[in-house]
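Working notes, beginning with the structure itself.
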């Protein structure tokens with residue numbers, strides 16, 4: 001079980017390092033300042049996640065080195081496609097959030113798995129470190145959900161304002177001028 005634990009830690013270590021390299025590009029591609037700020041904040045958290053994993057390697061007496069995480073590589077490549085295929089704007093931001101949330105869900109799952117392995121191996125100090133990171137990943141996911149809701153809300157408000165303006169124009173075009181309308185009533 002300890003070998004599995006070490007293998008999973010190495011996989012996650014590589015995943016976190018891939019995220020550290022990718023997050024600045026994603027933050028730069030976002031239009032929403034709120035999203036950009038959240039991604040930059042999470043970049044700092046992710047650097048701390050790498051440091052925590054390095055601390056865990058030290059606790060278990062292993063060298064901090066990664067094992068290529070193909071799952072994360074695929075998720076990040078998918079996110080990169082969004083940057084290339086979508087024009088900057090609300091739709092791209094929502095697609096970026098969707099990609100980031102896939103990454104967060106992967107991480108929450110991975111941290112939960114290795115935390116459970118650490119519990120089984122009776123490594124309570126490691127369990128605490130992993131739980132801290134898992135909690136931060138969950139909070140990041142929830143923050144992204146809130147930002148997506150705000151973006152969709154502002155998009156919806158913008159669409160509603162456009163529709164109201166169009167209806168007002170259409171209504172004005174159908175309404176007769178007040179003088180003509182008054183004469184009809186008089187007839």
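Computed from the coordinates by the stated procedures, all read-outs in this text should not be read as laboratory data. Please read all numbers here as calculations on a predicted model, not as lab measurements. Positions of Cβ are backbone-derived with ideal geometry, glycine not excepted, and every protein chain shown enters the neighbour counts.
Below is a table of values for the structure above.
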| quantity | calculated |
| --- | --- |
| Residue among 58, 99 that is assigned to a helix (DSSP H, G or I) and loosely packed, with under 14 Cβ neighbours inside 10 Å | 58 |
| Condition met for residue 115 (in contact with a helix residue (DSSP H, G or I) (Cβ under 8 Å, 6 or more places away or on another chain), touching a residue at least 12 places away in the same chain (Cβ under 8 Å), within 19 Å of residue 57 (Cβ to Cβ) and part of a helix (DSSP H, G or I)) | yes |
| Search result, residues across region 103-128 that are over 15 Å from residue 11 (Cβ atoms) and under 22 Å from the mean Cα position of the chain (by Cα) | 104, 105 |
| Any hit, region 62-71, residues being over 13 Å from the mean Cα position of the chain (by Cα), assigned to a helix (DSSP H, G or I) and under 22 Å from residue 109 (Cβ atoms) | yes |
| Residue 38 closer than 20 Å to residue 86 by Cα, touching a residue at least 12 places away in the same chain (Cβ under 8 Å) and crowded, with 18+ Cβ neighbours inside 10 Å | no |
| Counted residues, region 118-131 - those being closer than 25 Å to residue 39 by Cα and surrounded by 15 or more Cβ atoms within 10 Å (Cβ to Cβ) | 3 |
| Residue list for region 30-41, filter: under 17 Å from residue 95 (Cβ atoms) and part of a helix (DSSP H, G or I) | 34, 35, 36, 38, 39 |
